[in-house]
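Every read-out reported here was derived from the displayed coordinates using simple, explicitly stated rules and does not represent laboratory data. As the structure is a computational prediction, the values presented were derived from the model and not from experiment. Note that each Cβ is placed from the backbone with ideal geometry, even for glycine, and that neighbours are counted across all protein chains shown.
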Amino acid sequence: MSITIRFAVVFFLFFAVAAVSATGTQFEVFDGFPKAAPGAFGIRAEGLPDGRFIVWNGDAVFLQIMAGGDTFKEVASGYAGEPGFVAVAPDGHTVLLGAGSSFSGKLYVFDTRAPVNYSPGSEVAAVTHYYGVYLTQDLVLLDRLTDDSATSELVVLDLSSPSPVPVRVMLKPDQLELTGEEQGVSACLAVNGSRATVYMMGLVYDSGVPVSSELKMIPASVLISAYQSKALLDWDSDAIAIGLPGSFNSGGPAGVMANGDLIIGGFGGVQRVNPSTATIVETYAPPALFDYYGVATNPYRDIVLPIVLDPVDYSMDIVYAPEGAFAAMPVHGGIGLAAMTAMILSGGARSLTGRSWRVRLRRRMR
């Protein structure tokens, strides 16, 4: 191990212990979570209605064996690209994989009930994008840069079309509002469980430095109507502000929990925000050498997983989990599986599904 790497590891562990002592909140690293594929940068994960997680690592797709279990199974492979997002359709089993981070723009539709390996040409589209969510079973909303990279835009794509073409429905913000070296950039998107409301973040950078951020919401029906009528919505008047500019992290809303809380990643931790009151309910910030936090959510089990970059292997992600969120799988076949299922369904499993973040930090020595 080189001196540089050794220093990074020591600094990481020192920072971790100091942060735990200062805050009194401890986390554990979930080493059992799938890792990024060779050559890929990071992972994306999302919760399914049956309580399990689906994970895409830039090649393979993994499904959690059972809700609450700590074991994942690779069910398909060949879905190449830097994972940008994983979006679950209203039917609960169709999933869209967006390789936006690699600029390939490939969009893969994946069925968790009938997983198959990638076959050449099976991607539904190649459209530049940063993040995406389903509005309906066929319509997908994407946040991406405009062709001239001057600002970001929301576009709607009809996946039922043989050749999906993105239709712009909003600029965020309008290029006319930008001056000098200012540029609007993309962020994560989120839609609530009923598909009624979309949450988004407007970001403006000036010469590469963030200068403005706004968390907003808009009815999904308004976006759909704009798509159908080829209308262009206005970021200032059609989108509804949540709180004051700069009130929340700049990563953008990456999930909506069952009670309506938004989950927002970014610098300094993962925020849980009540959009009705525009207040931060809680901030999840397990110790990390780099303080930018990604996030994966499972609203069906109320699980939030802060994700940070591994300071040694930059292509890897460190996934943190709340205590009890993932229990060891039983080892004795059907009887053990039945026992685990009964435990999860019983009142005794509340500690597995609750929002307790009182856990020990598992030190990772390499």
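Annotation: lysines with alpha-carbon distance below 23 angstrom to residue 73 (same-chain offsets under eight excluded): 35. Quick one: grab the alpha carbon gyration tensor of the stretch 87-159, order the square roots of its eigenvalues as a ≥ b ≥ c, and give me rounded if a/c is under 1.5, else prolate or oblate depending on whether a/b is larger than b/c. Oblate is the answer for the stretch 87-159, as a/c is 1.5 or above yet b/c matches or exceeds a/b. Footprinting exposure proxy ranking of 293, 205, fewest other C-beta atoms within 10 angstrom first, gives 205, 293.
Sorting 73, 35 on the 10 Å Cβ count, fewest up front, what's the list? Numbers along the way, then the final one.
Working: 73 11, 35 18.
The fewest-first ordering by Cβ neighbours comes to 73, 35.
In the stretch 80-127, the ratio of gyration radius to Kirkwood radius, Rg to Rh, stands at 0.95 when only Cα atoms are counted. The orientation-averaged projection of the convex hull spanning the C-alpha atoms of the stretch 211-262 amounts to 4.6 square nanometres. Cross-link partners among lysines for residue 172, C-alpha distance below 29 Å, same-chain residues fewer than 8 apart left out? Of all the lysines, those that pass the test against residue 172 - Cα under 29 Å, at least 8 places apart if same chain - are 106, 216, 230.
Under the rule a/c < 1.5 gives rounded, and otherwise a/b versus b/c splits prolate from oblate, where does the stretch 147-223 land using the Cα gyration tensor? Could you put the intermediate results ahead of the total?
Numbers: a/c = 2.64, a/b = 1.52, b/c = 1.74.
Because a/c hits 1.5 or more and a/b fails to exceed b/c, the stretch 147-223 counts as oblate.
Placing pseudo-labels 7 Å out from each Cα toward the beta carbon at residue 240 and residue 109 gives an inter-label distance of 3.2 nm. A DSSP coil position with no more than 16 other Cβ atoms inside 10 Å describes the following GluC sites (Glu not before Pro) in the stretch 174-231: 181. Residue separation of residue 278 and residue 315 scaled by 0.36 nm, minus their Cα-Cα distance, works out to 9.9 nm of gained length. Between residue 258 and residue 138, what FRET efficiency comes out of the Förster formula 1/(1 + (r/R0)^6) with R0 = 30 Å and r the beta carbon distance, rounded to 0.05? The pair residue 138/residue 258 has a calculated efficiency of 0.75. Of the residues 54, 318, the one with the fewest other Cβ atoms within 10 Å heads the list, and the complete ranking is 318, 54. Enter the Cα centre distance for the pair the stretch 245-297 and the stretch 48-65, rounded to the nearest angstrom. About 22 Å separates the Cα centre of the stretch 245-297 from the one of the stretch 48-65.
Shape call for the stretch 130-279 from the C-alpha gyration tensor, a ≥ b ≥ c root eigenvalues: rounded (a/c under 1.5), prolate (a/b greater than b/c) or oblate?
Values: a/c = 1.73, a/b = 1.10, b/c = 1.57.
The shape class here is oblate.
Note on residue 225 and residue 126: the model spin-label points, each 7 Å out from Cα along the C-beta direction, lie 3.7 nm apart.
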